[in-house]
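The values are calculated or read from the model by the stated rules, or taken from the named source; none is laboratory data. Everything numeric in this text was worked out from a predicted model, so none of it was measured. When we count neighbours, we look across all protein chains shown, and the Cβ atoms used for this are built from the backbone with ideal geometry, even at glycine.
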Amino acid sequence: MSPGWFTGPAAGPDRVAKAGRAGQDPSPAKGRPSRRGFRIRKRVVLVVYLALLAASHVVRATRPEPAPRPGLSLQAVEGWPKPKRGAVTIAYREWSPDTTPTASQFGFVTDSTPNLSGRGIQETEPARTPGEIAPLVTDSIPNLSGNLSRGAEESSEFPILLLHGSPGSGGVFRRLGSELGATRRAIAPDLPGFGGSTTQVPDYSIRAHAAMTLQFMDSLAIPRAHVVGFSLGGGVALEMHRADSARTASLTLLSSIGVQEHELLGEYYLNHAIHGLQLFAIWTLRELVPHFGYADDAFLSHSYARNFFDTDQRPLRGILRGYAGPMLIVHGTDDPLVPRAAAEEHHRIVPQSGMVMLEGNHFMTFLEPGRIAPPIEDFLDRVEAGTATVRATADPARAAAAATPFDPSTLPPVTGFALVVALLLIVAATFVSEDLTCIGTGLLIARGSLPWTAGVGACLVGLVVGDLLLYAGGRWIGRPVTRVAPLRWMIRGEELERACRWFTERSAALLIGGRFVPGTRLPTYVAAGVVRMPLIPFSLWIVVAAALWTPLLVGGTALFGAVAAEQIGAFQHRALPWLIATALGALIALRVGIPLFSAAGRRRFLARWGRVRGWEFWPPWLFYLPVLAWGVWLAVKYRSPTVFTAANPAFPDGGLVGESKSEILGAIGDRGRVARTVVA
């Protein structure tokens, strides 16, 4: 590496060495902010940000509730769990053969009926027909809609209840509801948290939605319904059946979720972590970015993120196995969100179910309702006529196949939208821990959840982008970047000085070595920016280093995981413990095992081990933890939280903390009274 790669006097080894000994920045002073200027700018930016954030929260807090949308009716339910204040209002759309909704059809509230929706009262008279009668509503759950709906006893046919997915609202059924409403009464509620319903509820899970949907049916005096669940709404339909099987006349799973194994990465805890990261990102945008209310109405809202984060799909397989009524499964061959294999597994474990596989994707429900409505109408006609297949009359061959345990080896790799989400999360996870992300990706490849090329590529992109960010921080900010969290927790000043001195002669070797030697990457790559190494050579060498390192770590973990999976039974059934144990083992081997091959690494290991063995080097919180536990036990035993002060009654607070040694010695008084002889 020739010094000509660097520009200006900053590249000279003498200047770097002298500046390092003097504690100065070896980079050119021209155009670079001073330490004082950097602090002033940082404080100004912080004050402006906090002011904008406070103004944004004030605007959001004083923002009025929007008026109900045209075509929506409002109905109050108790909520589940019951909110601390008020009730939950569910907005809904309704279609039936003898009613024609108009754009001006709003729900209205009379003077005697409390408005629990929190929205303005609309004085618009809803459209009515002579055939409608008032709904049966209990005193505890008032009918806020003001609409006159048919009573359940008027028709022998059960209404259709359309449950939407997430994100979304009952509006996705606008065209499909009109198609189905030509022959039957159809109702499409906005599930709590979405559309025109109450947005703030304690629980957004499919189980909570199922409980509130049953309350919604009670409020409209609907004893039983044909439930059609679209996407995540299919999970709500299944949970409704588990909560009260008598309320579901039939189930139609429309591009619906179901068994956990075919959702995203196929494992609850891994998926839960993904949904947690998604929720954190949306919460950060919503609460820590000044947006003045515009992000509250985003398509990917906080309610959407909570809906997935609060939901547990693991019970759905058992619900499907136990379902005995008629079922129809309608799915698209090219569904990018819920794979076709999920519908086929649902069809297998519910032997009485019928399956209609249509050419299309996840969105054909609202884009092509003319193809969706006919099979649903035909299925409902057979259910009403009593000719639909139930579990008791299912084909014996299919019943035997349904009893066969699920074979995890049949799981296909993640594809479509789920694969895109997984790869983006892998890239983001490398910014937190590169090694652990590569190890985890290798285990997912070994498990069959990720393709080899896609997993390695995502790790490689994350590593390169992270290295470029470190370089940019060192180049644009200089040494002050090491005083900004989290870099100040990871880079010591002497490490950065040493890296800067080495760069004038060994840049290529240092960049590649920094990737392989634990603990040297951060100071090395930040130092490359501090000494202003040109971007193109830096990018070239870090790509080479990452291309050597990533396949080695990911591939080795994938190979190890595959071999271990063959030797250890029930790997698929114990995926999380195995992933955690293998990841920790690989990380320990990487962080501890590799440095032991060098003399310096062995010395550092022995020094650290000595500090672990010597209690005097332990952190105070660890050293005093048993003392705290003993003090709590004594307080409970003697029923006094201040019992420890009796140890030294003359000391303030028993000598726990803050006592003055001089005052304690001064309290002794006559020094002659102090014993000076030890009596055996």
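Listed by first and then second residue, the pairs linking a residue in the stretch 278-296 that is under 21 Å from T311 (Cβ atoms) to a residue that is outside any helix (DSSP H, G or I) and at pLDDT below 90, with Cβ atoms under 7 Å apart and 6 or more places separating them unless they lie on different chains, are I282/L300. Close Cβ contacts (under 8 Å, 6 or more residues apart or on different chains) running from residues in the stretch 621-632 that are over 14 Å from L656 (Cα atoms) to residues that are modelled with pLDDT under 80 comprise F623/W615. Scoring F431 on the criteria (1) within 30 Å of E267 (Cβ to Cβ); (2) surrounded by 15 or more Cβ atoms within 10 Å (Cβ to Cβ); (3) free of Cβ contacts under 8 Å to residues at least 60 places away in the same chain leaves a single failure, condition (2). Of all the criteria given as (1) farther than 30 Å from S56 by Cβ; (2) hydroxyl-bearing (S, T, Y); (3) more than 20 Å from the chain's Cα centre (by Cα), the one not satisfied by Y294 is (1).
Every residue, every condition in (1) at pLDDT below 95; (2) under 22 Å from R382 (Cα atoms); (3) assigned by TED's automatic domain parsing to the domain that holds L328; (4) among the aromatic types (F, W, Y), yes or no:
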{"residue": "G193", "(1), (2), (3), (4)": "yes, no, yes, no"}
{"residue": "S197", "(1), (2), (3), (4)": "yes, no, yes, no"}
{"residue": "T213", "(1), (2), (3), (4)": "no, no, yes, no"}
{"residue": "V228", "(1), (2), (3), (4)": "no, yes, yes, no"}
{"residue": "V236", "(1), (2), (3), (4)": "no, no, yes, no"}
{"residue": "S250", "(1), (2), (3), (4)": "no, yes, yes, no"}
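Taking the criterion of being surrounded by fewer than 24 Cβ atoms within 10 Å (Cβ to Cβ), closer than 23 Å to F194 by Cα and free of Cβ contacts under 8 Å to residues at least 60 places away in the same chain, the only residue of the stretch 218-253 that qualifies is A243.
Evaluated against (1) of a type in the set (A, V, I, L, M); (2) surrounded by 20 or more Cβ atoms within 10 Å (Cβ to Cβ); (3) out of contact with any Cys (no Cβ under 9 Å at 6 or more places or on another chain), L424 falls short on exactly one condition, (2). When the stretch 388-403 is filtered for residues that are without any contact (Cβ under 8 Å) to a residue 12 or more places away in the chain and either closer than 18 Å to L320 by Cβ or outside the structural domain of E157 (by TED's automatic domain parsing) (or both), the ones remaining, listed by number, are A400, A403. Which members of the stretch 395-439 meet the condition of being small (G, A, S) and more than 17 Å from the chain's Cα centre (by Cα)? Within the stretch 395-439, A397, A399, A400, A401, A402, A403, S409, G416, S433 qualify.
Here's the yes/no breakdown for (1) modelled with pLDDT under 65; (2) surrounded by fewer than 15 Cβ atoms within 10 Å (Cβ to Cβ); (3) farther than 30 Å from R41 by Cβ:
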{"position": "Y471", "(1), (2), (3)": "no, no, no"}
{"position": "P480", "(1), (2), (3)": "yes, no, no"}
{"position": "L487", "(1), (2), (3)": "yes, no, no"}
{"position": "L496", "(1), (2), (3)": "yes, no, no"}
{"position": "W502", "(1), (2), (3)": "no, no, yes"}
{"position": "P551", "(1), (2), (3)": "no, no, yes"}
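Residues in the stretch 283-320 that are of a type in the set (F, W, Y) and closer than 20 Å to G165 by Cβ: F299, Y304, F308, F309. Mind checking which residues of the stretch 362-387 are assigned to a loop (DSSP other than H, G, I, E, B) and either in contact (Cβ under 8 Å) with a residue 60 or more places away in the chain or surrounded by 19 or more Cβ atoms within 10 Å (Cβ to Cβ) (or both)? Listed by number, the list holds a single entry, H362. Here L444 meets the list (1) touching a residue at least 40 places away in the same chain (Cβ under 8 Å); (2) at positive phi almost entirely, failing just condition (2).
Annotation: of all residues in the stretch 214-249 being of a type in the set (D, E, K, R) and farther than 24 Å from P375 by Cα, the one that is farthest from the chain's Cα centre (by Cα) is D218. Of all residues in the stretch 328-342, those satisfying the criterion of being at pLDDT 95 or above and either aromatic (F, W, Y) or under 11 Å from G258 (Cβ atoms) (or both) are I329, H331. Taken over the stretch 72-116, the criterion of being farther than 27 Å from P202 by Cα, of a type in the set (G, A, S) and either crowded, with 24+ Cβ neighbours inside 10 Å or modelled with pLDDT of 70 or more (or both) is satisfied by S96 alone. Of note, T183 does not satisfy the criterion of being closer than 23 Å to G86 by Cα, part of a loop (DSSP other than H, G, I, E, B) and among the β-branched types (V, I, T). Comparison of W615, W630 shows that the only residue that is of a type in the set (F, W, Y) and surrounded by fewer than 11 Cβ atoms within 10 Å (Cβ to Cβ) is W615. Of all the residues in the stretch 152-180, those that are in contact (Cβ under 8 Å) with a residue 60 or more places away in the chain, part of a helix (DSSP H, G or I) and either of a type outside the set (D, E, K, R) or out of contact with any Lys or Arg (no Cβ under 8 Å at 6 or more places or on another chain) (or both) number 11.
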